[in-house]
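This report refers to the structure that appears directly beneath it.
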């Protein structure tokens, strides 16, 4: 995205934004002013010139959406307060404008992955279409039979399908009989329960086989073949449909990753879950100045997600909780240490979810706390200060990942000014008099 250099006064009394020259280079964070050369000429000497160069460094501030200009909440969306942020270490690194630059190699790799996933999904959908046609043809054959024959073939096909479904399940998750028989326990009660399960499952399988054999005996060769073909084709259609759904889900994930990289993401986490379980509003505030003019001045290294007070916050990835406590800046805060090696920081919570404890494992989507304004965000619009720290390269700008995960929903709802209503009092018209006669 194009970076715009601005000078921002500390929020509070009459904060103003003065535009500075705009650069199309995301890495540009300074301006260089060159004075015109001064020429001094003396009789009998060569002409010499002196050039004076002055460099002025401006704070980097990402572009503020123009649709926020008339929004009464703009001061909160742009900078929710002079002290908003995490518990920033004293030695915070200087802001690197390249942290918001689009990396072409990541975009290219993601685009290639999208192309591969698209081909896979198209192939899977083609397979579903072809198999559906096969099932339709066999169903037409079944429908052409007499009612009694049709019922007998359909019953045999159903029994055959149950056996095939059982075989598919055993292949996918392992045969239940074997898993129960191999139960390793010295407890006689547990062993008795396992054996009972084995007997029940085994008896169920035997019943399926007997029922199918009995139904097959009532059919001639053509009818039996149709029943088997229809059952096999139906199971294959189910398998291909499941594969197509998986391919579609994979494609969505690849598209989401591409969109994140196109928006300037420096990293991406497969399976990332949006951390707020409700409607939110947010902008790209990565790099915004915080606590300007104070010894604790720093730049914003997260994204503020504004939501109604008490909105549930959920784990963005399977992982382990840590750093649960109260910080002077972050207020109620915690970390989710994801299984991928990525760490997620949550700050300004109103409360922690019941059962939250240090070292506890959480699943992606599990509630860990609630939106609030604790810490130095007290008095601002309730929000979650959210950071992403991939292993070895964090923190990174969360906005592109959040934007991709949030989908096509609007991220900022600009509030239109209330229309001006003018009330005019008119004199009542004279009463209508009906005249009879004439």
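The values are calculated or read from the model by the stated rules, or taken from the named source; none is laboratory data. Model, not experiment: these values are computed from the prediction. Virtual Cβ from ideal backbone geometry, glycine too; neighbours counted across all protein chains shown.
A few notes on this one:
- The set of residues in the range 300-342 that are crowded, with 22+ Cβ neighbours inside 10 Å, farther than 20 Å from residue 289 by Cα and either in contact with a helix residue (DSSP H, G or I) (Cβ under 8 Å, 6 or more places away or on another chain) or at pLDDT below 90 (or both) contains only 333.
- Any chance residue 109 is at pLDDT below 85 and either surrounded by fewer than 18 Cβ atoms within 10 Å (Cβ to Cβ) or assigned to a helix (DSSP H, G or I) (or both): no
- Considering (1) in a strand (DSSP E or B); (2) in contact (Cβ under 8 Å) with a residue 12 or more places away in the chain; (3) farther than 29 Å from residue 256 by Cβ, the lone condition that residue 325 does not fulfil carries the number (2).
- Residue among 180, 215, 176 that alone is surrounded by 12 or more Cβ atoms within 10 Å (Cβ to Cβ) and either in contact with a strand residue (DSSP E or B) (Cβ under 8 Å, 6 or more places away or on another chain) or modelled with pLDDT of 55 or more (or both): 215
- Failed criterion for residue 245 (all others in (1) without any contact (Cβ under 8 Å) to a residue 12 or more places away in the chain; (2) in contact with a strand residue (DSSP E or B) (Cβ under 7 Å, 6 or more places away or on another chain) hold): (2)
- Taken over the range 235-257, the criterion of being in contact with a helix residue (DSSP H, G or I) (Cβ under 6 Å, 6 or more places away or on another chain) and more than 20 Å from residue 405 (Cβ to Cβ) is satisfied by 235, 236, 237, 240, 241, 243, 244, 247.
- Residue check, residue 345 crowded, with 22+ Cβ neighbours inside 10 Å and touching a residue at least 24 places away in the same chain (Cβ under 8 Å): yes
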